[in-house]
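S.K.: My questions will all concern the structure given below.
The values are calculated or read from the model by the stated rules, or taken from the named source; none is laboratory data. This structure is a prediction, so every number in the text was calculated from the model and none was measured. Virtual Cβ from ideal backbone geometry, glycine too; neighbours counted across all protein chains shown.
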């Protein structure tokens, strides 16, 4: 595909449930980022991968959040025991290297009821 | 800690009027500064970066280290400039830090 692809585009779940959000980056991009955007806020950094490893996970809010990128391409953000405060748009971005020029997906809107 | 401040949540201007979207940052080293834009129903995308020192869609931004600012300017606003604009900072290997954004509304 031409750009970063994220699925699902919308996810509604109940408090306490487990959620997985998927990101398929631009082919060849080694760096992959997850950001979270709440209403009226800018994107907030969660985690950054360089290849298969998490180079920086300092933005993950707590141990309910986890992300993987096992083959250095597709990444999955996993949220356990969801809470209403987790409701947000989760953005994925990729770049050829860690330069600051990020290519964003359209986001996955998560609503926790 | 790195911080990006965009003091205006909403900026409304008339078509043809000059535009200035403010961005201030706090960082003691030498940062890289960026402006990202999100048009209605489109994904967030890079508009310009201070290193390239270029004009994109008529927009320019100059890094002022003395005032720790990176304001985005355009001499004559167009209706198609209406969008959300985010200022962002990068230092070393750390990921981008974004401001809260300013919604620009250009009125015909």
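Yes/no matrix, rows are residues, columns are (1) surrounded by 13 or more Cβ atoms within 10 Å (Cβ to Cβ); (2) on the phi < 0 side of the Ramachandran plot:
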site: A:6; (1), (2): yes, yes
site: A:16; (1), (2): no, no
site: A:35; (1), (2): yes, yes
site: A:58; (1), (2): no, yes
site: A:93; (1), (2): yes, yes
site: A:97; (1), (2): no, yes
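S.K.: Evaluate the stretch A:102-112: report whether one residue or more is out of contact with any helix residue (DSSP H, G or I) (no Cβ under 8 Å at 6 or more places or on another chain), over 29 Å from residue B:48 (Cα atoms) and assigned to a strand (DSSP E or B).
M.R.: yes
S.K.: Only one residue in A:91, A:60 is part of a strand (DSSP E or B) and either away from chain B (no Cβ under 13 Å) or within 14 Å of the chain's Cα centre (by Cα) (or both), so which one is that?
M.R.: One residue alone meets the criteria, A:91.
S.K.: Out of everything in the stretch A:65-79 that is within 14 Å of the chain's Cα centre (by Cα) and either without any contact (Cβ under 8 Å) to a residue 24 or more places away in the chain or not in a strand (DSSP E or B) (or both), what residue ends up being farthest from residue A:32 (Cα to Cα)?
M.R.: Only one residue fits best here, namely A:65.
S.K.: When you look at residue A:77, is it buried (at least 21 other Cβ atoms within 10 Å of the Cβ), away from chain B (no Cβ under 14 Å), farther than 14 Å from residue A:12 by Cα and at pLDDT 95 or above, yes or no?
M.R.: Here the answer is yes, as residue A:77 does meet what is asked.
S.K.: Moving on. Residue A:20: in a loop (DSSP other than H, G, I, E, B), surrounded by fewer than 16 Cβ atoms within 10 Å (Cβ to Cβ) and either in contact (Cβ under 8 Å) with a residue 24 or more places away in the chain or more than 14 Å from chain B (Cβ to nearest Cβ) (or both), yes or no?
M.R.: No, not satisfied.
S.K.: Report, by residue number, each residue of the stretch B:59-98 that is within 14 Å of chain A (Cβ to nearest Cβ) and assigned to a loop (DSSP other than H, G, I, E, B).
M.R.: B:63, B:70, B:91, B:92, B:93, B:94, B:95, B:96 - these are the residues of the stretch B:59-98 that are within 14 Å of chain A (Cβ to nearest Cβ) and assigned to a loop (DSSP other than H, G, I, E, B).
S.K.: Could you go through the stretch B:23-44 and let me know if any residue there is without any contact (Cβ under 8 Å) to a residue 12 or more places away in the chain and touching a strand residue (DSSP E or B) at 6+ places or on another chain (Cβ under 6 Å). Show your work before the answer.
M.R.: Step one: filter the stretch B:23-44 for residues without any contact (Cβ under 8 Å) to a residue 12 or more places away in the chain, giving B:28, B:41-43.
From what's left, touching a strand residue (DSSP E or B) at 6+ places or on another chain (Cβ under 6 Å): B:43.
Checked against the condition, which is being without any contact (Cβ under 8 Å) to a residue 12 or more places away in the chain and touching a strand residue (DSSP E or B) at 6+ places or on another chain (Cβ under 6 Å), the stretch B:23-44 yields at least one hit.
S.K.: Here are the criteria: (1) surrounded by fewer than 16 Cβ atoms within 10 Å (Cβ to Cβ); (2) within 15 Å of the chain's Cα centre (by Cα); (3) more than 14 Å from every other protein chain (Cβ to nearest Cβ). Tell me which single one residue A:53 does not satisfy.
M.R.: Status for residue A:53: all satisfied but (3).
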